[in-house]
There are 2 protein chains.
Amino acid sequence: MGITKSQIFTEQQNDLAQFFKVLGHPARVAILQYISNQNACICNDLVEEIGLAQATISQHLKELKSIGLLNGEVEGKSMCYCINVERWTYLQNRLNAFFNTTKSNCC
Amino acid sequence: MGITKSQIFTEQQNDLAQFFKVLGHPARVAILQYISNQNACICNDLVEEIGLAQATISQHLKELKSIGLLNGEVEGKSMCYCINVERWTYLQNRLNAFFNTTKSNCC
DNA sequence: AATTAACATCGTAATATTGCAATATTAAAA
DNA sequence: TTTTAATATTGCAATATTACGATGTTAATT
């Protein structure tokens, strides 16, 4: 079917999974790493840097924005995409909470 | 195309993304949480607990096994699936390293 | 030996994702 | 005002994922 049965899971489970899912593509990992190594980020750089078509990069940026990880500011003709540090930290804490509370008790 | 261009990314980026991807489904999050709340885990419990068909649960378990997060032991007719604590910790450290080294420097 | 219980695997339908070319859109530059 | 540069959006093809019924497989039970 290809459709996830979200309604049988809790909201926490769904949005935790959504965070993981967005990070679950090497292009998006690479984009975040590249942005963090720059003082400024311009989308066009990413096209050359990553090696995917402009439309594809734009799409990946959109997904990263969808979970609040990126802020985009218009700078003339260009865009300046930056990591939203507050959200970044929130996400890291959220994932750590998941790892810390989910422990093995058997075998 | 639906196919990820893995060859243009580093091995680190690809397997980090793979970890995220496997965790990026609410059923798999739920499975890990359920296992952690039990002293033993039997797959059949999961079918009732999660509310997906037995074949579907089996498939999700397979994906969790594929990144080494679950150990499965045969126990008579049943299976005992457990979290591989060593791998679990490795993964947590790996993700934290990603979060800590990827920082924002602009805007 | 037949039955049953607990999974795993296969096949398949429905939907999602990835990627790109083509085409907007927007703002600076000429 | 036309042109150009940078990015977004649309439409589509190829592939991946999700889910489940049907069918194996294996081991305990009868």
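The values are calculated or read from the model by the stated rules, or taken from the named source; none is laboratory data. This is a predicted model, so every value here is computed, not measured. Positions of Cβ are backbone-derived with ideal geometry, glycine not excepted, and every protein chain shown enters the neighbour counts. When the accessible area is computed, the model is the full protein with side chains, heavy atoms only, and any ligands, DNA or RNA have been set aside. Shrake-Rupley method; radii C 1.70, N 1.55, O 1.52, S 1.80 Å.
Across the identical copies, the label point of A:Ile3 (7 Å from Cα in the Cβ direction) is separated from its matches by 2.9 nm, in order from shortest. With label points set 7 Å from Cα along Cα→Cβ, the inter-copy distances at A:Asn93 are 2.5 nm, sorted shortest first. Across peptide B:68-76, the average count of Cβ atoms from other chains found within 10 Å of a residue's Cβ is 1. Per-residue Karplus couplings for the range B:51-67, computed as 6.51 cos²θ - 1.76 cosθ + 1.60 with θ equal to phi - 60°, are listed in order as x, 10, 5, 4, 5, 5, 4, 4, 5, 5, 4, 4, 5, 5, 5, 4, 9 Hz, Gly and Pro entered as x.
For chain A, a simple Cβ point-charge model (Lys and Arg +1, Asp and Glu -1, everything else neutral) yields a dipole of about 400 debye relative to the Cα centre.
Legend: distances between Cα atoms for A:Lys77/B:Lys5; B:Lys21/B:Lys62; A:Lys21/A:Lys65; pairs beyond 18 Å are A:Lys77/B:Lys5.
Quote the FRET efficiency, to the nearest 0.05, computed for A:Ser58 versus B:Thr101 with a Förster distance R0 of 22 Å and r equal to the Cβ-Cβ distance.
Approximately 0.30, to the nearest 0.05.
In terms of Cα atoms, the Rg and Dmax of chain A work out to 16.3, 59 Å.
Taking Cα pairs under 8 Å and at least six residues apart, what relative contact order does chain B come out at, in percent? Present the calculation step by step, with values, prior to reporting the outcome.
Details: 74 pairs, mean separation 25.4, N = 107.
Across chain B, relative contact order equals 24 percent.
Take each residue of peptide B:92-99, count the partner chain Cβ atoms within 10 Å of its Cβ, and average: the result is 4.
The modelled label-to-label distance between A:Ile8 and B:Glu73, using points 7 Å beyond Cα along the C-beta direction, is 2.8 nm. Sequentially through the range B:98-103, phi angles give Karplus couplings (6.51, -1.76, 1.60; θ = phi - 60°) of 4, 5, 6, 8, 9, 10 Hz, Gly and Pro residues having no value and appearing as x.
Computed from backbone phi with θ = phi - 60° and the Karplus coefficients 6.51, -1.76 and 1.60, the 3J(HN,Hα) list for the range A:75-88 is 10, x, 7, 9, 10, 10, 9, 10, 6, 7, 4, 4, 5, 4 Hz; x is used for glycine and proline. For B:Leu70, the residues whose modelled amide H falls within less than 5 Å of its own, excluding neighbours fewer than 5 places apart on the same chain, are B:Lys65, B:Asn84. Counting Cβ atoms of other protein chains within 10 Å of each Cβ in A:28-38 and taking the mean gives 5.
Please compute how much accessible surface disappears when B pairs with A, both sides summed, using a 1.4 Å probe, and round it to the nearest 100 Å².
Working: alone 7780 and 7780 Å², together 11520 Å².
Interface between B and A: roughly 4000 Å².
For B:Ala55, the point set 7 Å out from Cα toward Cβ sits 3.6 nm from its twins in the other copies, listed from shortest up.
For chain A, which whole percent of the accessible surface, found with a 1.4 angstrom probe, sits on carbon and sulfur atoms? Could you put the intermediate results ahead of the total?
On the way: 2650 of 5760 Å².
Ligands and nucleic acids excluded, carbon and sulfur reach 46 percent.
Along the axis of the charge dipole computed for chain B (Cβ charges of +1 for Lys and Arg, -1 for Asp and Glu, origin at the Cα centre), the listed residues B:Thr56, B:Ser6, B:Gly68 are led at the positive end by B:Ser6. For B:Lys103, which aspartates and glutamates qualify as cross-link partners when the Cα separation must be under 12 Å and same-chain residues fewer than eight apart are set aside? Cross-link targets: A:Glu86.
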